[in-house]
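To start, the structure under review is shown below, and the notes come after it.
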Amino acid sequence: MGSERSFAEVNTTMDSAEKRLNELGYKQELRREMTMFKTLAISFSTMTLFTGITPLYGSSLQYAGPATLVWGWVVVSFFTWFVGIAMAEICSSFPTTGSLYFWAAHLAGPKWGPFSSWCCAWLETIGLIAGIGTQAYAGSQTLQSIILLSTGTNKGGGYFAPKWLFLCMYIALTVIWAVLNTFALEVIALIDIVSIWWQVIGGLVIVIMLPLVALTTKSASFVFTHLELAPESTGISSKPYAAILSFLVSQYSLYGYDAAAHLTEETKGADKNGPIAILGSIGMISVFGWAYILALTFSIQDFGYLYDPNNETAGAFVPAQILYDAFHGRYHNSAGAIILLFVIWGSFFFGGLSITTSAARVVYALSRDKGVPFSHLWRQLHPKYKVPSNAVWLCAAICILLGLPILKVNVVFTAITSICTIGWVGGYAVPIFARLVMSERNFKPGPFYLGKARRPVCLVAFLWICYTCSVFLLPTLYPITWDTFNYAPVALGVGLGLIMLWWLLDARKWFKGPVRNIDIQNGKV
């Protein structure tokens, strides 16, 4: 009785989110010092302005012209709100740092909880590891353009990195992130702060400066109504199909807001501030992202010239050509374009470093529950720095393997982004579907509660995620050859097939999902 009274007395002084955490069966172990503003800032930084839009902008613009690209962002933002609102309600009820993995286990109930958490954890793991690859590839692509413009441009004898050197840059970035995550956690904490301001200030500078510097700007009718297919380049002559592919840049960019959920055990009043951070980051990126797309599109000088292999950037990176045209047209040199490309490159560097940190933590957490082959290796901590160093290097090694086809295949980035998006966004679908079908009497709502609206909101969110995952499996170039083949369906099919086979043959017998570390009924911690 004494221990129960003591626990009750402590409970009355707890933060509301900490009380809910205890009710779920987990004790407060992390320091709850994050404010809502800090959580919102980190979530916004994780989504980032540049790392989603920049690498896919050129291909999405080429499929059907500017109108579908510009309005595609609006359409995708609209449906993303349904996903965000559904996740915000779950976050309010389950303010745990494991977020998706824990949500899936609790919402699916005792019978389906282990399988749901297994699927969710593996989807998230696949998405995050591929996410490292997307940052490494796009960062190398930006660096390739910086080197080319700095050495005289493609027309002036500048150096354009060949495929083997591009792969070396890709591997080098991956290794640097792994080294920093192994030996320099304190440096990473400082870099995270720099990253937030880098995104905000850099984004504002580019969005405001680029249209002002450009000698001419495209008309509103061109930006908002012009459709133009490029069947000679893409092999796609169907307008609906081209429009679907032009939406990919928006679908790839508008996720990552679950970062706010990962921080809930460190956030004050997380049952209220967690949902605010999720929805606030979606709102901010929706507005800033559209502004960035509009700034690039209005600043186009010659639409056809952007893809010319003989232009200053070798037709390889459309945003770099837009920046070059604007600054060279105004100042007759490429210095301004190089500086802004460096700002964009910094975003990829910060994003890759952050995703490496997250991916290693997910692999480590899953390894503790023996959910990864050779789990005893990946759950080991570095003896001095106390970080999951083996998990870090496992993620880096898989990421490097994903990038090896760079030497032979032209659609590597599309394939890696497909794997990343399907894994990451697909992980959202598991707890949202569980929330959709569960009995309402088994759900204890938090301060953010949808009530009767939860079924239609969750249904739209789930269907949108299914659609998003489906379109990332489509071929993006025709005719389909070994050089243009999107290998994402094969890679995902083999990987997920083996994971499901492991579950059926063995894992279902012992994998129970997240393990409680507190017994509320007996007042024991």
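The values are calculated or read from the model by the stated rules, or taken from the named source; none is laboratory data. Note that the structure is a prediction, hence the values are computed from the model and not measured. Because the Cβ atoms are built from the backbone with ideal geometry, glycine has one as well, and the counts that use them run over all protein chains shown. What goes into the accessible areas is simple: the full protein's heavy atoms, side chains included, and nothing from ligands, DNA or RNA. Shrake-Rupley method; radii C 1.70, N 1.55, O 1.52, S 1.80 Å.
Pairs are defined by a Cβ separation below 9 Å, a sequence spacing of at least 6 or placement on different chains, a first member in region 393-414 that is farther than 22 Å from Arg361 by Cα, and a second member that is among the basic types (Lys, Arg); the pairs so defined are Ile406/Lys163; Leu407/Lys163; Lys408/Lys163.
Among the conditions (1) in contact with a Pro (Cβ under 8 Å, 6 or more places away or on another chain); (2) part of a loop (DSSP other than H, G, I, E, B), Ala314 misses just one, which is (1). Taken across region 440-461, residues that are out of contact with any Ser or Thr (no Cβ under 6 Å at 6 or more places or on another chain), closer than 30 Å to Gly352 by Cβ and assigned to a helix (DSSP H, G or I) do occur, with at least one present.
Surrounded by 18 or more Cβ atoms within 10 Å (Cβ to Cβ), more than 28 Å from the chain's Cα centre (by Cα) and not β-branched (Val, Ile, Thr), is that true of Ala214? When the stated conditions are applied, Ala214 passes them.
Restricting region 360-375 to residues that are of a type in the set (Ser, Thr, Tyr) and open to solvent by less than 20 Å² (accessible area, probe 1.4 Å), the residue that is modelled with the highest pLDDT is Ser367. Filtering region 246-261 to residues that are surrounded by 24 or more Cβ atoms within 10 Å (Cβ to Cβ) and part of a helix (DSSP H, G or I) leaves Ser246, Leu248, Val249, Ser250, Gln251, Tyr252, Ser253, Ala260, Ala261.
For first residues located in region 156-183 and touching a residue at least 40 places away in the same chain (Cβ under 8 Å) and within 18 Å of Asn410 (Cβ to Cβ), partners that are in a helix (DSSP H, G or I) and among the aromatic types (Phe, Trp, Tyr) and lie 6+ apart or on another chain with Cβ distances below 8 Å form the pairs Tyr170/Tyr137.
Considering the conditions (1) open to solvent by less than 10 Å² (accessible area, probe 1.4 Å); (2) modelled with pLDDT of 90 or more; (3) under 23 Å from the mean Cα position of the chain (by Cα), Ala243 is excluded by exactly one of them, (1).
Filtering Leu459, Leu436, Leu463, Leu473 for residues that are out of contact with any His (no Cβ under 8 Å at 6 or more places or on another chain), open to solvent by less than 40 Å² (accessible area, probe 1.4 Å) and farther than 23 Å from Lys272 by Cβ leaves a single hit, Leu436. Screening the candidates Phe82, Phe78 for the property of being more than 26 Å from Phe222 (Cβ to Cβ), in a helix (DSSP H, G or I) and modelled with pLDDT of 90 or more yields one hit, Phe82.
Before we move on, is Glu228 among the charged types (D, E, K, R) and surrounded by fewer than 16 Cβ atoms within 10 Å (Cβ to Cβ)? So that I can check it myself, show each step before the final result.
Working: among the charged types (D, E, K, R): yes; surrounded by fewer than 16 Cβ atoms within 10 Å (Cβ to Cβ): no.
Taking the combined requirement at face value, the residue does not satisfy it.
Residue-level analysis places Ser92 among those that are modelled with pLDDT under 90, crowded, with 24+ Cβ neighbours inside 10 Å and closer than 20 Å to Leu459 by Cβ. Cβ-Cβ contacts under 7 Å between residues 6 or more apart (or on different chains), taken from a first residue in region 307-321 that is free of Cβ contacts under 8 Å to residues at least 24 places away in the same chain to a second residue that is in a loop (DSSP other than H, G, I, E, B) and among the β-branched types (Val, Ile, Thr), are listed as Gln321/Thr313. Among residues of region 339-359 being among the aliphatic types (A, V, I, L, M) and crowded, with 20+ Cβ neighbours inside 10 Å, the one that is farthest from Thr151 (Cα to Cα) is Ala359.
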